[in-house]
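Asks: Have a look at the structure that comes next, please.
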Amino acid sequence: MAIILNIETSTKNCSVNIAENGVVLAIKELNNGNYSHAEVLHPFIEEVLQKAAITKSQISAIAVSKGPGSYTGLRIGVSAAKGLCFALNCPLISIDTLTALSYAISIEKGFIVPMLDARRMEVYAAIFNSENVNVRDTKAEIIDEGSFAKELEQSKVYFLGDGSEKCKQIITHKNAVFMDEKFPSSREMASLSYLKYKISDIEDVAYFEPFYLKDFIVIQEKKKKPTF
């Protein structure tokens, strides 16, 4: 029996669940438009454990969404996961954020393009087929009228994630389908983390770092001119 705590904080959706053999026993999520992960993550962990009647000592592994995504969000999630792994002496499992997001929908034919907002008209995106097999690696890319043209000419392309909203006015091909209100969630992580657990696909807790894809850039506020 594998009891895995799954943590997803790569976007504004803070999501935690406890799962047994890949089946979610209890889940708690909050997507209020703010990055409130620092305040709610640990209470969410305690809440799902209580709902599932699971103690921390019963946890077999901790799984965390590794990115890409928000620099701050990823740092909070990974720091919490590593801290729990050290405290409970259990393995750490990392789940690619876009891979998990691709499982948020099910299609019979076509392509799934999970994408996350990366400021302005840039997104983090990957391409999966109808069987959730990655057919193009994750890239940070600027969206224009020619984005995903090859896939759109072949079949329906389903765009999802908080990066897809900015693309609706740019990608207007008849085969483009935009799936609203789909965000990275720990729900889709449960089965993926269990599969990794079964084959001991784990991380080195001491050295593991999130997959940022881009360097963190601090944007300084412009100094206001003094008024006299």
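The values are calculated or read from the model by the stated rules, or taken from the named source; none is laboratory data. Treat the numbers as computed from the prediction; the structure is a model and nothing was measured. Positions of Cβ are backbone-derived with ideal geometry, glycine not excepted, and every protein chain shown enters the neighbour counts.
Asks: Scanning for something under 30 Å from TYR124 (Cα atoms), under 20 Å from the mean Cα position of the chain (by Cα) and touching a residue at least 60 places away in the same chain (Cβ under 8 Å), does the range 40-48 turn up at least one residue?
Replies: no
Asks: Here's something else I'd like to know. Considering only the range 160-170, state which residues are aliphatic (A, V, I, L, M) and either part of a helix (DSSP H, G or I) or buried (at least 16 other Cβ atoms within 10 Å of the Cβ) (or both). Before the answer, list the steps.
Replies: In the first step, residues of the range 160-170 are kept if they are aliphatic (A, V, I, L, M); the result is 160, 170.
LEU160 - this is the single residue of the range 160-170 that is aliphatic (A, V, I, L, M) and either part of a helix (DSSP H, G or I) or buried (at least 16 other Cβ atoms within 10 Å of the Cβ) (or both).
Asks: Conditions first: (1) assigned by TED's automatic domain parsing to the domain that holds ASN13; (2) more than 24 Å from TYR197 (Cα to Cα); (3) free of Cβ contacts under 8 Å to residues at least 24 places away in the same chain. THR55 passes all but one, so which condition is the exception?
Replies: (2) is the only condition that THR55 fails.
Asks: In the range 184-219, which residues are of a type in the set (Asp, Glu) and at pLDDT 95 or above? Break it down into steps so the answer makes sense when it comes.
Replies: Pass one, the range 184-219, residues of a type in the set (Asp, Glu): 188, 201, 203-204, 209, 215.
GLU188, ASP201, GLU203, ASP204, GLU209, listed by residue number.
Okay, residues lined up against (1) in a helix (DSSP H, G or I); (2) in contact (Cβ under 8 Å) with a residue 60 or more places away in the chain:
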{"residue": "ALA126", "(1), (2)": "no, no"}
{"residue": "ARG136", "(1), (2)": "no, no"}
{"residue": "ASP144", "(1), (2)": "no, no"}
{"residue": "TYR158", "(1), (2)": "no, no"}
{"residue": "THR172", "(1), (2)": "no, no"}
{"residue": "PRO184", "(1), (2)": "no, yes"}
{"residue": "ARG187", "(1), (2)": "yes, yes"}
{"residue": "SER191", "(1), (2)": "yes, yes"}
{"residue": "TYR197", "(1), (2)": "yes, yes"}
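Asks: For the range 19-119, list the strands (runs of 3 or more DSSP E) that sit wholly inside it and hold at least 3 residues that are among the hydrophobic types (A, V, I, L, M, F, W, C), surrounded by fewer than 19 Cβ atoms within 10 Å (Cβ to Cβ) and modelled with pLDDT of 95 or more; which are they?
Replies: On the way: elements: 23-30, 61-67, 92-96, 111-117.
Here the list reads 23-30.
Asks: Which of the residues spanning the range 67-98 are out of contact with any Asp or Glu (no Cβ under 6 Å at 6 or more places or on another chain) and aliphatic (A, V, I, L, M)? Step through it out loud before you land on a result.
Replies: Here is the first cut: in the range 67-98, the residues out of contact with any Asp or Glu (no Cβ under 6 Å at 6 or more places or on another chain) are 67-91, 93, 95-98.
Selection gives LEU74, ILE76, VAL78, ALA80, ALA81, LEU84, ALA87, LEU88, ILE93, ILE95, LEU98.
Asks: Here is a further query. Restricting attention to the range 123-140, which residues are closer than 22 Å to LYS174 by Cα and either modelled with pLDDT under 95 or of a type in the set (A, V, I, L, M) (or both)?
Replies: Result: VAL123, ALA125, ALA126, ILE127, VAL135.
Asks: Hey, any hits in the range 148-160 for a residue that's under 19 Å from GLY33 (Cα atoms) and either within 20 Å of the chain's Cα centre (by Cα) or assigned by TED's automatic domain parsing to the domain that holds ALA63 (or both)?
Replies: First, the residues of the range 148-160 that are under 19 Å from GLY33 (Cα atoms): 160.
Okay, now just the ones that are also either within 20 Å of the chain's Cα centre (by Cα) or assigned by TED's automatic domain parsing to the domain that holds ALA63 (or both), so 160.
Yes, the conditions are met somewhere in the range 148-160.
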